[in-house]
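The values are calculated or read from the model by the stated rules, or taken from the named source; none is laboratory data. Values in this document were obtained by computation on a predicted structure and should not be read as measured data. Because the Cβ atoms are built from the backbone with ideal geometry, glycine has one as well, and the counts that use them run over all protein chains shown.
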Amino acid sequence: MPRRLTGFTPSGDLHFGNYIGAIAPIVSAQADTDTVVFISDLHALTLEHDPAQVRRRTLEFATLLLAAGADPDTCLFLVQSHVPQHTELHYLLECATGFGEAQRMIQFREKSRRGGRVRVSLLTYPILMAADILLYDTDEVPVGEDQNQHLELARDVAERFNARYGPTFTVPKAVTPPVAARVMDLATPGEKMSKSAASPAGALRLLDEPRVLRRKVMRAVTDAGTDVTYDPEHKPGVSNLLTILAACTGDTPQRVAGRFDRYGELKEAVADAVVATLAPVRERYLELADDPEYVRAALRKGAERARELASERIRTAKAAIGLLPP
Ligand code: ATP
Ligand code: MG
């Protein structure tokens, strides 16, 4: 079975795009894929952050993933900072990465341009991501467009390390998430729905109450004209609603479009479908949140298994690069 790894950084609130693009595919593939799911809390420290929020969200994300159906007995399910080998390997990989190579990362250039003090960890974050991947001999990493360059870096570093110090790491492959569609922001359909969006009006959060989800859908920006057609270029708002409905019902946006004559009807149907998809996740979340010890125990067990797996890879990497075994 191929091993596939996905991380969730606890910055911002998980939303419908994360659910359709990343969480639901994990849940449906976990029976026949060797799945690693982790909360990348260390990555949340690369930008200005509130310590209490990162801690709270780490538990919230873990609880939400379980609520959505990730099975901690089937998946390797962990919090990154609970497995010290992530940072241990990060350092070894820094010694195999060029400064210019790290500086070329588009995301670093974009995020560091936003102003404020730039942390060294923002520059080295893709190397930590490479460590996350290489630590577990990962075969496949589902990546959206924004992470493609980072995955390429992980591959380059793995290949360079293997060539220079001897075969040590599995070289990972990028895989396109099964839902090719990207869910766009409801208020600004030119941008993707994102955890870090400035305004919450355009993001359907997994923990929004049903009436809030409904209101956000009903207020979604639509386009000039009145017909319901799937045309992302000329009708980004309506097309996004069709994408969302199609994702909920396992259909195609084009086919879904044929069922509606007016925007209002479409919105009603989208609101119903989104609530039907997300309300059970929220309900299960509220049950699990009442029993944080269950979630904590799952994370402890996952971290323990992960440390065991990871320590072997660290041992071979250290030996290869020239460190004296204790
Ligand atoms: P950020 O703005 O902090 O980058 P994000 O919403 O893009 O947040 P990530 O943590 O970068 O979330 O991504 C988590 C997973 O969710 C990834 O697998 C990513 O491809 C997927 N994902 C994120 N946004 C969308 C979206 N709008 N549509 C579909 N999939 C998405
Ligand atoms: Mg992102």
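Below are the figures for this structure:
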| quantity | calculated |
| --- | --- |
| Qualifying positions in region 125-152 - assigned to a helix (DSSP H, G or I) and surrounded by fewer than 20 Cβ atoms within 10 Å (Cβ to Cβ) | 145, 146, 147, 148, 149, 152 |
| Some residue of region 54-73 being touching a residue at least 12 places away in the same chain (Cβ under 8 Å) and farther than 30 Å from residue 295 by Cβ | no |
| Check on residue 56, more than 14 Å from the chain's Cα centre (by Cα), within 16 Å of ligand 2 (Cβ to nearest atom) and farther than 30 Å from residue 162 by Cα | no |
| Matching residues in region 98-121 - criterion: being in a loop (DSSP other than H, G, I, E, B) and closer than 22 Å to residue 145 by Cα | 104, 105, 114 |
| Hey, residue 98 assigned by TED's automatic domain parsing to the domain that holds residue 41, out of contact with any Pro (no Cβ under 7 Å at 6 or more places or on another chain) and modelled with pLDDT under 95 or not | no |
| Near pairs, Cβ below 8 angstrom, 6+ apart or cross-chain, from region 131-150 (over 11 Å from residue 36 (Cβ atoms)) to any residue that is surrounded by fewer than 23 Cβ atoms within 10 Å (Cβ to Cβ) and of a type in the set (D, E, K, R) | 134/313; 144/182 |
| Options 52, 62: the member that is assigned to a helix (DSSP H, G or I), of a type in the set (Gly, Ala, Ser) and in contact with a strand residue (DSSP E or B) (Cβ under 6 Å, 6 or more places away or on another chain) | 62 |
| Residue under evaluation residue 42, criteria (1) crowded, with 22+ Cβ neighbours inside 10 Å; (2) more than 24 Å from residue 247 (Cα to Cα); (3) within 15 Å of ligand 2 (Cβ to nearest atom), criterion not met | (3) |
| Some residue of region 173-186 being over 24 Å from residue 243 (Cα atoms) and away from ligand 2 (no atom under 16 Å from the Cβ) | yes |
| Search result, residues across region 273-324 that are assigned to a loop (DSSP other than H, G, I, E, B) and modelled with pLDDT under 95 | 291 |
| Filter pass, residue 156 being part of a helix (DSSP H, G or I) and within 16 Å of ligand 2 (Cβ to nearest atom) | no |
